[in-house]
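**Student:** Once you've had a glance at the structure underneath, I'll fire off some questions.
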Amino acid sequence: MIIGIPKENYPGERRVAFIPSSVDRLVKKGAIVAIEAGLGLSIGISDEEYKKAGATVEANRSTLLSSADMVLRLRKPPVDEVSSLKKGSIHISFLDPFNEKALVEALAQNQISAFSMEMIPRTTRAQKMDALSSQANLAGYVTVILAAERLPKIFPMLMTAAGTIAPARVFIIGVGVAGLQAIATAKRLGARVEAFDTRPVVKEQVQSLGAKFVEIDLGETGQTAQGYAKALTPEQLEKQRQGMLKACIQSDIIITTAQLFGRKAPVVLNKDMIAQMKPGTIIVDMAVESGGNVEGSKLNEEVVTANGVRILGMGNLPGRVAVHASQVYSANLHNLLEEYWDKDSKTFKINLEDEIIKGALITHQGAVVNEMVKGK
């Protein structure tokens, strides 16, 4: 089985899909691995390192794509590149299938078995393949570092001869993987941390990290089978905003992480709330790429409001720590391949009855086969 790994061609993307250590493990299982020349240069890995791991280097991208039985990448492919893929081949990457209907249709029409990494089920067995979580974990760390760099204060409390410096106050909205890492990072830096989530079940996790859980009675909420927060009603959203307002006004840094799987992110901070915050407050909108949690946030921009609040809407947060983001994504891909690798035929077997395959496989044998995507 020939596995092809092209360079990422999305503007500004420094992450790579596969690193040499993962190549080495695949080659030892009998796979033939071909990479596009320059694949790892963005994170300091030379073609020679890939060659030492057993990969061949292909300078022509079209040749790589058309000859591969399986293509591994990080970003979704451009629609016009789908026709370059080998008919009947397997393609694995993030796909954003709910918002990329034209891409999904193109993959089906070209007989591609396409897997979407964000559709890996959040189950115990699939944890080692869960790329959404591995990337969100790093993104949570990055948000705190970005905010700390811009805050004209230090994070920890200091007792000095000149007096006591109070700790910075950080408020995290949304306690998924990214939120938990943001809490942990802010606490390590010495901040006083509060957090809120619509799922009361995460209260214990927040407290275990040394943060205070802000409790707001929203009535019936909960989470999906995959562990994502359920969408709130307009009335619940307004009640949430009012309940969070005190923490927002007191905070030096606010990080919003609230996202709904396959849907536009909810607005949890509106202009009225922002107008009541103190000048110099830093807001980091982690959901800016899926619509934004903060009214007025703009993708890849830093907005300063009339009252001096700074709203950061930076995209591709894991890409700011591209070395480690590539390392964990590569491991996610390798773990997926290893789970379904047939030792005898030395190929990747698609078992349509397997729960992970059923969750992540979007198109197969000329049709859209994923039930969630078909229902949209």
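**Student:** Check Gln259 against each of (1) among the polar types (S, T, N, Q); (2) modelled with pLDDT under 95; (3) surrounded by fewer than 15 Cβ atoms within 10 Å (Cβ to Cβ) and name the one condition it does not meet.
**Tutor:** Gln259 satisfies all of (1) among the polar types (S, T, N, Q); (2) modelled with pLDDT under 95; (3) surrounded by fewer than 15 Cβ atoms within 10 Å (Cβ to Cβ) except (3).
**Student:** So, one more: Of the residues in region 201-220, how many are over 14 Å from Ala186 (Cβ atoms), open to solvent by 50 Å² or more (accessible area, probe 1.4 Å), among the hydrophobic types (A, V, I, L, M, F, W, C) and modelled with pLDDT of 95 or more?
**Tutor:** Total meeting the criteria: 0.
**Student:** In the set Ala178, Ala184, which member is assigned to a helix (DSSP H, G or I) and surrounded by 21 or more Cβ atoms within 10 Å (Cβ to Cβ)?
**Tutor:** Ala178
**Student:** Please indicate, with yes or no, whether at least one residue in region 80-87 is closer than 22 Å to Ser330 by Cβ, within 24 Å of the chain's Cα centre (by Cα) and either modelled with pLDDT of 95 or more or acidic (Asp, Glu) (or both).
**Tutor:** yes
**Student:** From (1) in contact (Cβ under 8 Å) with a residue 12 or more places away in the chain; (2) out of contact with any strand residue (DSSP E or B) (no Cβ under 9 Å at 6 or more places or on another chain), pick out the condition that doesn't hold for Leu41.
**Tutor:** (1)
**Student:** Related question: Does Ala161 satisfy the criteria of being over 17 Å from the mean Cα position of the chain (by Cα), open to solvent by less than 30 Å² (accessible area, probe 1.4 Å) and more than 20 Å from Pro279 (Cα to Cα)?
**Tutor:** Spelling it out, it is not the case that Ala161 is over 17 Å from the mean Cα position of the chain (by Cα), open to solvent by less than 30 Å² (accessible area, probe 1.4 Å) and more than 20 Å from Pro279 (Cα to Cα).
**Student:** So, Ile172, is that one assigned to a loop (DSSP other than H, G, I, E, B), touching a Gly at 6+ places or on another chain (Cβ under 7 Å) and open to solvent by less than 40 Å² (accessible area, probe 1.4 Å) or not?
**Tutor:** No.
**Student:** Here's another thing I want to ask about it. Which condition number in (1) open to solvent by 10 Å² or more (accessible area, probe 1.4 Å); (2) among the polar types (S, T, N, Q); (3) more than 30 Å from Ser42 (Cα to Cα) is the one that Asn293 fails?
**Tutor:** Failing condition for Asn293: (1).
**Student:** Still on this structure, I have one more. In region 113-131, is there at least one residue being open to solvent by 30 Å² or more (accessible area, probe 1.4 Å) and of a type in the set (A, V, I, L, M)?
**Tutor:** The answer is no, given that none of the residues of region 113-131 is open to solvent by 30 Å² or more (accessible area, probe 1.4 Å) and of a type in the set (A, V, I, L, M).
Rundown of residues vs (1) among the acidic types (Asp, Glu); (2) open to solvent by less than 40 Å² (accessible area, probe 1.4 Å); (3) part of a loop (DSSP other than H, G, I, E, B); (4) more than 30 Å from Gly366 (Cα to Cα), yes/no style:
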site	(1), (2), (3), (4)
Asn9	no, no, yes, no
Ile35	no, yes, no, no
Leu74	no, yes, yes, no
Gly88	no, no, yes, no
Leu95	no, yes, yes, no
Ala102	no, no, no, no
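**Student:** Does Ile154 qualify as being outside any strand (DSSP E or B), surrounded by 14 or more Cβ atoms within 10 Å (Cβ to Cβ) and modelled with pLDDT under 95?
**Tutor:** So Ile154 does not fit the description; no.
**Student:** Consider Ile112 carefully, then state whether it is in contact (Cβ under 8 Å) with a residue 40 or more places away in the chain and closer than 26 Å to Gly4 by Cβ.
**Tutor:** yes
**Student:** Please go through region 249-260 and give me each residue that is closer than 19 Å to Gly140 by Cα and in contact (Cβ under 8 Å) with a residue 40 or more places away in the chain, ordered by number.
**Tutor:** Of everything in region 249-260, those that are closer than 19 Å to Gly140 by Cα and in contact (Cβ under 8 Å) with a residue 40 or more places away in the chain turn out to be Ser251, Asp252, Ile253, Ile254, Ile255, Thr256, Thr257, Ala258, Gln259.
**Student:** Looking at Lys246, Lys239, Lys278, Lys271, which one is free of Cβ contacts under 8 Å to residues at least 12 places away in the same chain, among the basic types (Lys, Arg) and farther than 20 Å from Ala178 by Cβ?
**Tutor:** Sole residue among the options that is free of Cβ contacts under 8 Å to residues at least 12 places away in the same chain, among the basic types (Lys, Arg) and farther than 20 Å from Ala178 by Cβ: Lys246.
**Student:** Across region 112-167, what is the total count of residues that are of a type in the set (Lys, Arg) and touching a Lys or Arg at 6+ places or on another chain (Cβ under 8 Å)?
**Tutor:** 1
A quick yes/no check of all residues on (1) under 22 Å from Gly262 (Cβ atoms); (2) in contact with a Pro (Cβ under 6 Å, 6 or more places away or on another chain); (3) buried (at least 20 other Cβ atoms within 10 Å of the Cβ):
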| residue | (1), (2), (3) |
| --- | --- |
| Met277 | no, no, yes |
| Leu312 | no, no, yes |
| His324 | no, no, no |
| Ile350 | no, no, no |
| Gln365 | no, no, no |
| Val368 | yes, no, no |
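**Student:** Looking only at residues in region 263-275 that are open to solvent by less than 40 Å² (accessible area, probe 1.4 Å) and touching a Ser or Thr at 6+ places or on another chain (Cβ under 8 Å), which one is farthest from Lys246 (Cα to Cα)?
**Tutor:** Of everything passing the filter in region 263-275, Ala265 is farthest from Lys246 (Cα to Cα).
**Student:** While we're looking at this one, here's another question. Go through Arg320, Arg263 for me and flag whichever is within 30 Å of Met372 (Cβ to Cβ) and either touching a Gly at 6+ places or on another chain (Cβ under 7 Å) or not in a strand (DSSP E or B) (or both).
**Tutor:** Result of the check over Arg320, Arg263: Arg263.
**Student:** Sticking with this one: Taking the criterion of being touching a strand residue (DSSP E or B) at 6+ places or on another chain (Cβ under 7 Å), surrounded by 13 or more Cβ atoms within 10 Å (Cβ to Cβ) and farther than 18 Å from Ser134 by Cα, would at least one residue in region 338-347 satisfy it?
**Tutor:** Yes - at least one qualifying residue is present in region 338-347.
The values are calculated or read from the model by the stated rules, or taken from the named source; none is laboratory data. Computed from a predicted structure; not experimentally measured. Cβ coordinates were reconstructed from backbone atoms using ideal geometry, including for glycine residues, and neighbour counts include every protein chain displayed. Heavy atoms of the whole protein, side chains included, go into the accessibility calculation; ligands, DNA and RNA do not. Shrake-Rupley method; radii C 1.70, N 1.55, O 1.52, S 1.80 Å.
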